[in-house]
Amino acid sequence: MSYFQALIIAIIEGITEFLPISSTAHMKLANPLLNISETPFTNLFEVVIQLAAILSVVVIYWKKFIDFKNLAFYVKLIVAMIPAIILGVLLKKHIDSALSNLAFISCVMISGGIILLFIDKIFNTHTIIEEEKISYKKALIIGVFQSLSIIFPGLSRSAATIVGGMSQKLTRKLAAEFSFFLAVPTMFAASVKSFWDVYKEHHEVLAKDNMSMLAVGGTISFVVALLAIKFFINYVTKYGFRLFGWYRIVLGISFLIYLYTSVKL
């Protein structure tokens, strides 16, 4: 992997991790276009830039994450994580297979885009505007929606949890923010496991020459994610999700054409 390739992938991760357009799909679709082959180092690089993007949420919402008097907040996140943990363990083989199927990921992108086109009309009753009003039951239901993104790579963890939140009458803003909150423990746990799996088998990837690229990629992903989160919250509060729905549909169709015609788009 060159520094140019690392720069592009880090920017893609930073932009897409918290937007409802699937960072997994973008990474899987971008790698072949950038001629990036799967190696222990590229796998580790993706884990590191994902961790860096997750850190941006903690920085933006630091008051929320260090409010230790509000134990209910942490319990809700744990409750919401449970479905994803269970399905992640039970369906590991399915997940690995789906992640390698770019046509499947593209189709899921399109399907998720269609859902986002109508989500504002389907769930247009918003009575919960504060995180404190989210019950444990609602948190668990949102967690069930999150687990769908594990079964269907390309669906987007963010999109799934936001739809789940809106189905429970959360406002668009709160649904997006709770999705960000839930990403921290969920993605941190997944990233740490992935990091350990790669390091255990290929500890040589942490050679000195690679560390600088990991540091650069992580920094870029962190900064871009900060900007992406602020943009997304402001945009979705005012305009909703239709733009992201159309984007997913266009990208999914474009990549299906690329896959089946070998046309360089």
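Quick note: the coordinates plus some simple rules give every number you see, no bench work behind them. All values derive from a computational prediction rather than experimental measurement. For neighbour counting, all protein chains shown are included, and Cβ atoms are generated from backbone atoms with ideal geometry for every residue, glycine included.
Using Cβ point charges alone (K and R +1, D and E -1), the dipole size of the chain about the Cα centre works out to roughly 840 debye.
Helix 242-261 axis versus longest C-alpha principal axis of the chain: approximately 30°, rounded to the nearest ten. Cα centroid distance between region 36-57 and region 67-92, in Å? Centre-to-centre (Cα) distance: 22 Å. Each residue of region 171-176 is assigned a 3J(HN,Hα), and the resulting list reads 5, 4, 5, 5, 4, 5 Hz, derived from the Karplus form 6.51 cos²θ - 1.76 cosθ + 1.60 (θ = phi - 60°), x at Gly and Pro.
Taking the C-alpha atoms only, the angle from helix 23-33 to the longest principal axis of the chain is near 20 degrees.
Using the alpha-carbon atoms, what tilt in degrees (0 to 90, nearest 10) does helix 71-90 show relative to the longest principal axis of the chain? Taking the Cα atoms of the chain, the angle to 71-90 is about 50 degrees.
Sorted on the mean count of surrounding Cβ atoms within 10 Å across their residues, most packed first, peptides 85-91, 249-255 read 249-255, 85-91. Around the amide H of LEU91, modelled in the peptide plane, lies no amide H under 5 Å away from a residue 5 or more places distant or on another chain.
Each Cα pair under 8 Å and six or more residues apart adds its separation to the average, and for the chain the resulting relative contact order is 37 percent. How much net charge surrounds LEU170 when only other residues with a Cβ under 10 Å from its Cβ are counted (Lys, Arg +1; Asp, Glu -1)? Around LEU170, the charge tally is +2.
The Kirkwood radius of region 1-151, taken over pairs of alpha-carbon atoms, gives through the Stokes-Einstein law at 4 °C and 1.567 mPa s a diffusion coefficient of 73 µm² s⁻¹. Apply the a/c threshold of 1.5 to the C-alpha gyration tensor of region 25-102 and tell me whether it is rounded, prolate or oblate. Verdict is oblate for region 25-102.
The Rg/Rh ratio for region 146-198, using Cα coordinates for both the radius of gyration and the Kirkwood hydrodynamic radius, is 1.05.
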